[in-house]
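Encoded as structure tokens, the structure appears first; notes follow it.
Taken together, the values in this text are just the output of simple stated rules run on the coordinates, not laboratory data. The shown structure was predicted, so the numbers you read here are calculated from the model rather than taken from an experiment. Ideal geometry is used to build each Cβ from the backbone, glycine not excepted, and the neighbour counts take in all protein chains shown.
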Amino acid sequence: MENFSRLENVIKQLIKNDLSIAFAESCTGGYVSNMFTNISGVSKTFERGIVCYSNEAKMTLLNIDPKTLDEFGAVSDEVAKQLAFNLRILSNVDISVGITGIAGPTGGTNEKPIGLVYIAFSTEEETSVNQYNFQTNRLEFKEKVFEEILVWFEKFLDIE
């Protein structure tokens, strides 16, 4: 499995660089954390994974501002950014990832179609958000989100 060896390389580099990580997952329901914890030794870098599927969970576990949820909705650039930033601060990690989206096959609108996902990455230097739209089934949606997270880590860690 190509992604498995890529993930092993990412984890080796995170450990080598003494970097800690955490994930706040909404639409992926813990899939990304599960993939990372499939690798032996990940406990040297992986601090926590939080599944915050409901708005209530986002507010109580990660201090997402209710006004932000009301104004922009759970599936938004703003909420993804707060998920990643707040998780990094609350968990005291070097890198955190916040994921929110609409995996489908229901729940989409014209403004926010099925397949829309925001993935935010927070480091001490910056918090950035990438937007994607994956038109596929739920499991492949989760796999595609995971692959984009791998790509980000490979670039961040300068892995060839």
Note to self: If you average the alpha carbon positions of the range 104-160 and of the range 1-49, how far apart do those two centres end up, in angstrom?
What the structure shows: 15
Next item on the list: Run the quick spin-label model on D70 and N92: label points 7 Å from Cα toward the beta carbon, then report their separation in nm to one decimal.
Entry: 3.4
Note to self: How would M35, M59 line up from fewest to most surrounding beta-carbon atoms within 10 angstrom?
What the structure shows: M59, M35
Note to self: Between N34, N130, N55, where does the largest GNM mean-square fluctuation fall for the chain, given springs only between Cα atoms within less than 10 Å?
What the structure shows: N34
Notebook entry, point to check: Just for the Cα atoms in the range 2-156, what are the lengths along the principal axes, largest first, rounded to whole Å?
Noted result: 43, 31, 22
Note to self: I want to verify a result. In a Gaussian network model of the chain, Cα cutoff 10 Å, which of these has the top mean-square fluctuation: T136, T100, T127?
What the structure shows: T136
Note to self: Only four residue types carry charge here, +1 at the Cβ of Lys and Arg and -1 at the Cβ of Asp and Glu. Report the dipole size of the chain about the Cα centre in Debye, rounded to the nearest 20.
What the structure shows: 380
Note to self: Checking understanding here: applying a Kyte-Doolittle mean of at least -0.5 and a length along the axis of at least 18 Å (C-alpha), which whole DSSP H helices in the chain pass?
What the structure shows: 2-16, 77-91, 138-156
Note to self: Quick check: pseudo-label points 7 Å beyond the Cα along Cα→Cβ at E126 and F156, how many nm apart are they?
What the structure shows: 1.3
